[in-house]
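This report refers to the structure that appears directly beneath it.
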Amino acid sequence: MKIALIAHDGKKADMVHFLSGFRERLHQADVDLVATGTTGSHIEKAGFEVQKLLSGPFGGDAQIAAMAAQKELAMVVFFRDPLDKHPHEPDVQMLMRICDVHNIPLATNPASAELMFKAFTQT
(Lines give C-alpha, C1' and ligand atoms only; values in the text may rest on other atoms or scores of the structure.)
Protein backbone atom coordinates (compact mmCIF):
# COMPACT_ATOMS: atom_id res chain seq x y z
CA MET A 1 0.00 0.00 0.00
CA LYS A 2 1.32 3.44 -0.94
CA ILE A 3 0.32 6.64 0.86
CA ALA A 4 1.15 10.10 -0.48
CA LEU A 5 2.01 12.86 1.98
CA ILE A 6 1.99 16.61 1.41
CA ALA A 7 2.04 19.49 3.89
CA HIS A 8 2.12 23.22 3.38
CA ASP A 9 5.02 24.95 5.14
CA GLY A 10 2.97 25.85 8.22
CA LYS A 11 1.81 22.24 8.58
CA LYS A 12 5.03 20.24 8.07
CA ALA A 13 5.67 19.87 11.81
CA ASP A 14 2.07 18.69 12.23
CA MET A 15 2.65 16.04 9.56
CA VAL A 16 5.78 14.73 11.27
CA HIS A 17 4.03 14.68 14.65
CA PHE A 18 1.04 12.89 13.13
CA LEU A 19 3.18 10.22 11.46
CA SER A 20 5.15 9.65 14.65
CA GLY A 21 1.94 8.51 16.33
CA PHE A 22 1.47 5.85 13.64
CA ARG A 23 5.09 4.70 13.26
CA GLU A 24 4.51 1.13 14.46
CA ARG A 25 1.23 0.69 12.55
CA LEU A 26 2.82 1.90 9.33
CA HIS A 27 5.69 -0.53 9.74
CA GLN A 28 3.41 -3.46 10.53
CA ALA A 29 1.09 -2.68 7.61
CA ASP A 30 4.06 -2.54 5.20
CA VAL A 31 3.14 0.93 3.95
CA ASP A 32 5.25 2.77 1.38
CA LEU A 33 5.35 6.52 1.85
CA VAL A 34 5.78 9.02 -0.97
CA ALA A 35 5.93 12.77 -0.40
CA THR A 36 6.60 16.07 -2.05
CA GLY A 37 10.24 17.12 -1.68
CA THR A 38 10.34 19.43 1.31
CA THR A 39 7.67 17.53 3.21
CA GLY A 40 9.57 14.33 2.47
CA SER A 41 12.79 15.81 3.85
CA HIS A 42 11.06 16.62 7.14
CA ILE A 43 9.57 13.13 7.29
CA GLU A 44 12.94 11.55 6.49
CA LYS A 45 14.66 13.54 9.25
CA ALA A 46 12.12 12.07 11.67
CA GLY A 47 13.39 8.59 10.81
CA PHE A 48 10.86 7.47 8.22
CA GLU A 49 11.70 5.93 4.88
CA VAL A 50 10.02 7.99 2.18
CA GLN A 51 10.24 8.41 -1.58
CA LYS A 52 10.73 12.12 -2.22
CA LEU A 53 9.34 13.76 -5.34
CA LEU A 54 9.68 17.36 -6.47
CA SER A 55 8.72 20.15 -4.08
CA GLY A 56 5.04 21.08 -4.38
CA PRO A 57 5.50 24.42 -6.15
CA PHE A 58 7.90 22.78 -8.61
CA GLY A 59 5.55 19.98 -9.65
CA GLY A 60 5.40 17.59 -6.70
CA ASP A 61 1.64 18.06 -6.29
CA ALA A 62 1.22 17.25 -9.98
CA GLN A 63 3.42 14.15 -9.65
CA ILE A 64 1.23 12.88 -6.82
CA ALA A 65 -1.91 13.68 -8.84
CA ALA A 66 -0.50 11.58 -11.70
CA MET A 67 0.08 8.69 -9.30
CA ALA A 68 -3.52 9.02 -8.09
CA ALA A 69 -4.81 9.05 -11.68
CA GLN A 70 -2.85 5.84 -12.33
CA LYS A 71 -4.42 4.24 -9.21
CA GLU A 72 -0.99 3.84 -7.60
CA LEU A 73 -2.07 5.35 -4.26
CA ALA A 74 -4.23 3.97 -1.47
CA MET A 75 -4.73 7.46 -0.05
CA VAL A 76 -3.43 11.02 -0.04
CA VAL A 77 -2.82 13.03 3.11
CA PHE A 78 -2.46 16.74 2.41
CA PHE A 79 -2.22 18.95 5.49
CA ARG A 80 -3.24 22.26 3.93
CA ASP A 81 -2.78 25.65 5.53
CA PRO A 82 -6.11 27.37 4.84
CA LEU A 83 -4.94 30.66 6.33
CA ASP A 84 -2.05 31.28 3.94
CA LYS A 85 -1.76 31.97 0.21
CA HIS A 86 -0.02 29.42 -1.99
CA PRO A 87 1.38 30.21 -5.43
CA HIS A 88 0.71 26.67 -6.61
CA GLU A 89 -2.97 26.67 -5.60
CA PRO A 90 -4.06 25.53 -9.10
CA ASP A 91 -1.95 22.37 -8.60
CA VAL A 92 -3.54 21.83 -5.19
CA GLN A 93 -7.04 22.12 -6.67
CA MET A 94 -6.07 19.77 -9.51
CA LEU A 95 -4.79 17.17 -7.05
CA MET A 96 -7.99 17.33 -5.03
CA ARG A 97 -10.09 17.04 -8.21
CA ILE A 98 -8.07 14.01 -9.39
CA CYS A 99 -8.60 12.31 -6.02
CA ASP A 100 -12.35 12.89 -6.37
CA VAL A 101 -12.45 11.73 -10.00
CA HIS A 102 -10.55 8.51 -9.21
CA ASN A 103 -12.12 7.91 -5.79
CA ILE A 104 -8.81 8.16 -3.89
CA PRO A 105 -9.34 8.91 -0.19
CA LEU A 106 -8.01 12.38 0.67
CA ALA A 107 -7.42 13.70 4.18
CA THR A 108 -6.72 17.41 4.57
CA ASN A 109 -6.34 17.60 8.34
CA PRO A 110 -5.10 15.39 11.20
CA ALA A 111 -8.61 14.36 12.32
CA SER A 112 -9.59 12.90 8.93
CA ALA A 113 -6.11 11.44 8.42
CA GLU A 114 -6.31 9.66 11.77
CA LEU A 115 -9.60 8.00 10.83
CA MET A 116 -8.22 6.87 7.50
CA PHE A 117 -4.91 5.64 8.92
CA LYS A 118 -6.72 3.59 11.55
CA ALA A 119 -8.94 2.02 8.88
CA PHE A 120 -6.09 1.33 6.44
CA THR A 121 -3.61 -0.02 9.00
CA GLN A 122 -5.89 -2.32 10.98
CA THR A 123 -4.16 -5.55 11.85
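With 0.36 nm allotted per residue and the present C-alpha distance subtracted, the Ala29-Ala69 stretch has 12.1 nm of extension available. Between Ser55 and Asp81, the distance separating the two model label sites (each 7 Å from Cα on the Cα→Cβ line) works out to 1.3 nm.
For the chain, the number of Lys pairs with C-alpha atoms closer than 20 Å, counting only pairs eight or more positions apart or on separate chains, is 12. Our analysis of segment 15-71 gives Rg over Rh at 1.00, with the two radii drawn from alpha carbon positions and Rh computed by the Kirkwood formula.
When both bridge partners sit in the chain, DSSP labels roughly 0% of those beta bridges antiparallel. May I ask you to work out the translational diffusion coefficient for segment 47-91 at 25 °C, viscosity 0.890 mPa s, via Stokes-Einstein with Rh from the Kirkwood sum over Cα pairs, reported in whole µm²/s? The calculation lands on 205 µm²/s. To put it simply, the accessible area of the chain at a 1.4 Å probe is 51 percent carbon and sulfur.
Proximity of backbone amide H atoms, modeled 1.01 Å from N, is registered between Val77 and Ala4, Leu5, Ile6, Ala107 at under 5 Å, excluding neighbours fewer than 5 places apart on the same chain.
The values are calculated or read from the model by the stated rules, or taken from the named source; none is laboratory data. Treat the numbers as computed from the prediction; the structure is a model and nothing was measured. Counting neighbours? That spans all protein chains shown, and the Cβs are built from the backbone with ideal geometry, glycine included. For the accessible areas, the whole protein counts, side chains as well, though only heavy atoms, and no ligand, DNA or RNA atoms are used. Shrake-Rupley method; radii C 1.70, N 1.55, O 1.52, S 1.80 Å.
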